[in-house]
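A.B. asks: Take a look at the following structure, please.
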Amino acid sequence: DTGNGQEMALDVLRLIRTEDDSETVVARQVQYCGGLGAFGLGGLFWSSEGRYFYYTTAREGQPDGGCRPWVPPIARVDMENPRITAELAEAVRSPDGAKLAGWQAAQGDEGGRELVVWDVDGAEVLRAAPASIEGVPGPVIWSADGTRLVYPVSAEVCPPVYTQLIGVSLPDGQPEMLLEPGRAVLPGFVWLAWDGPDALVLEDEAGAPFRLDLATGTLAPAR
C-alpha cells in the first residue's frame, strides 16, 4: 500500500544453489494496479545441461486491449553469467522441446521484428526478418518434426485477419510465401494448424475450413 490508495507489488525471481545456498536474482518486476494486463514472473524449464534457465515475464493475464491471439514471452538467463538475459516475444517451443521460436525487435529498424530460433541448450539457430515487411506477423506454428514452421501475417494489428502465410525451413531459414493476398477463395483467415507433414488447415472469419497443400500450393475448401 503506497498510502494514497494504490497498491503495488514486486515479483522477484531467484535461483538458489542447493550446495551452498548462494542466491542469484534473475529478474524483478514491479506490478501496478493489482497486476492488470499480462504480469508475473514464472519459472519454466532448464536446458538439458543446466546452463540456461527459462522463465516468463507474463505468468498471468494478457495485454490490455489485445485483440490478437497472444502467446506469452519467454526469457532465459545464462548461468555462466547471470547478468546475461534475452527474451523472445510470442515464444513457442518445438514439439520435441529442442528449439524455441519467437520474435525480437530488429536492430536499427524502429518497429521492425526479426524471427529468432534458439536451440534450448544455447545456440541461436536462426535470425531473419519477416518475409512481409508491411504486415504484422503472428505467432509461429511448428511442424510436428520441428524442421519447419509457419507464421501468418495480417495487414493490421486489430482485427487480426491474416492474408499471408510464410513458411520457413530449418536450418537454411529462407522464407517462402505460402499464401498471399488475392486468392478469391480465401480473402482472410483467423486460425491455422498443421494437417500432417505437408498440409495446413486454415479457417476463415465465418468458420469455414480450407486446406493448403504445401507440395502443390493448392488451396481448396476442406471437406
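The values are calculated or read from the model by the stated rules, or taken from the named source; none is laboratory data. All of these numbers come straight from a predicted model, not from anything done at the bench. All Cβ positions, glycine included, derive from the backbone under ideal geometry; neighbour counts span all protein chains shown. In case anyone asks, the SASA skips ligands and DNA or RNA and just uses the protein heavy atoms, side chains included. Shrake-Rupley method; radii C 1.70, N 1.55, O 1.52, S 1.80 Å.
A.B. asks: In a loop (DSSP other than H, G, I, E, B) and either open to solvent by less than 50 Å² (accessible area, probe 1.4 Å) or touching a Gly at 6+ places or on another chain (Cβ under 9 Å) (or both): which single residue out of Gly173, Gly167 fits that description?
C.D. replies: Details: Gly167 fails: in a loop (DSSP other than H, G, I, E, B).
Selected residue: Gly173, the only one of Gly173, Gly167 that is in a loop (DSSP other than H, G, I, E, B) and either open to solvent by less than 50 Å² (accessible area, probe 1.4 Å) or touching a Gly at 6+ places or on another chain (Cβ under 9 Å) (or both).
A.B. asks: What number of residues within the stretch 198-223 are charged (D, E, K, R), open to solvent by less than 60 Å² (accessible area, probe 1.4 Å) and out of contact with any Phe, Trp or Tyr (no Cβ under 8 Å at 6 or more places or on another chain)? Even if it seems obvious, please write down each step before you answer.
C.D. replies: Going residue by residue through the stretch 198-223, those that are charged (D, E, K, R) are 198, 203-205, 211, 213, 223.
Cutting the leftovers down to open to solvent by less than 60 Å² (accessible area, probe 1.4 Å) gives us 204, 213.
Right, trim to out of contact with any Phe, Trp or Tyr (no Cβ under 8 Å at 6 or more places or on another chain) and you get 213.
Adding up the residues that qualify gives 1.
A.B. asks: Additional query: Only residues that are open to solvent by less than 30 Å² (accessible area, probe 1.4 Å) and not in a loop (DSSP other than H, G, I, E, B): list them for the stretch 70-84, please. Outline the logic, then answer.
C.D. replies: Filtering the stretch 70-84 for residues open to solvent by less than 30 Å² (accessible area, probe 1.4 Å) gives 73-78.
Within the stretch 70-84, Ile74, Ala75, Arg76, Val77, Asp78 meet the criteria.
A.B. asks: While we're here: Considering only residues that are open to solvent by 50 Å² or more (accessible area, probe 1.4 Å) and within 14 Å of the chain's Cα centre (by Cα), look in the stretch 100-119 and name the one that is farthest from Phe189 (Cα to Cα).
C.D. replies: Across the stretch 100-119, the extreme among qualifying residues is Ala105.
A.B. asks: Hey, another quick one. Find all pairs meeting these conditions: Cβ atoms under 9 angstrom apart; at least six residues apart or on different chains; first residue within the stretch 76-89 and closer than 20 Å to Glu114 by Cα; second residue open to solvent by 30 Å² or more (accessible area, probe 1.4 Å) and among the small types (Gly, Ala, Ser).
C.D. replies: Between residues of the stretch 76-89 that are closer than 20 Å to Glu114 by Cα and residues that are open to solvent by 30 Å² or more (accessible area, probe 1.4 Å) and among the small types (Gly, Ala, Ser), the close pairs are Arg76/Ala86; Ala89/Ala105.
A.B. asks: Moving on to the next point. Name the single residue that is modelled with the lowest pLDDT among those in the stretch 47-69 being crowded, with 16+ Cβ neighbours inside 10 Å and out of contact with any Leu (no Cβ under 7 Å at 6 or more places or on another chain). Don't jump to the end; show me each part of the working.
C.D. replies: Residues of the stretch 47-69 crowded, with 16+ Cβ neighbours inside 10 Å: 47, 52-59, 68.
Adding the requirement that they be out of contact with any Leu (no Cβ under 7 Å at 6 or more places or on another chain) leaves 47, 52, 58, 68.
Values: Ser47: 96, Tyr52: 95, Ala58: 94, Arg68: 72.
So the residue we want is Arg68.
A.B. asks: Within the group Arg113, Arg83, Arg148, which residue is under 23 Å from Glu180 (Cβ atoms), among the basic types (Lys, Arg) and at pLDDT below 90? Write out each step before concluding.
C.D. replies: On the way: Arg83 fails: under 23 Å from Glu180 (Cβ atoms); Arg148 fails: at pLDDT below 90.
Testing whether each residue is under 23 Å from Glu180 (Cβ atoms), among the basic types (Lys, Arg) and at pLDDT below 90 leaves just Arg113.
A.B. asks: Something else: Return yes when Ala89 is over 25 Å from Leu15 (Cα atoms) and among the aliphatic types (A, V, I, L, M) and no when it is not. Walk me through it before giving the result.
C.D. replies: On the way: over 25 Å from Leu15 (Cα atoms): no; among the aliphatic types (A, V, I, L, M): yes.
So Ala89 fails the test.
A.B. asks: Condition test on Glu87, is it within 15 Å of the chain's Cα centre (by Cα) and over 29 Å from Pro197 (Cβ atoms)? Spell out the reasoning first.
C.D. replies: On the way: within 15 Å of the chain's Cα centre (by Cα): yes; over 29 Å from Pro197 (Cβ atoms): yes.
Taking the combined requirement at face value, the residue satisfies it.
A.B. asks: Moving on to the next point. Kindly establish whether Ile16 is modelled with pLDDT under 90 and either polar (S, T, N, Q) or loosely packed, with under 14 Cβ neighbours inside 10 Å (or both).
C.D. replies: The answer is no for Ile16.
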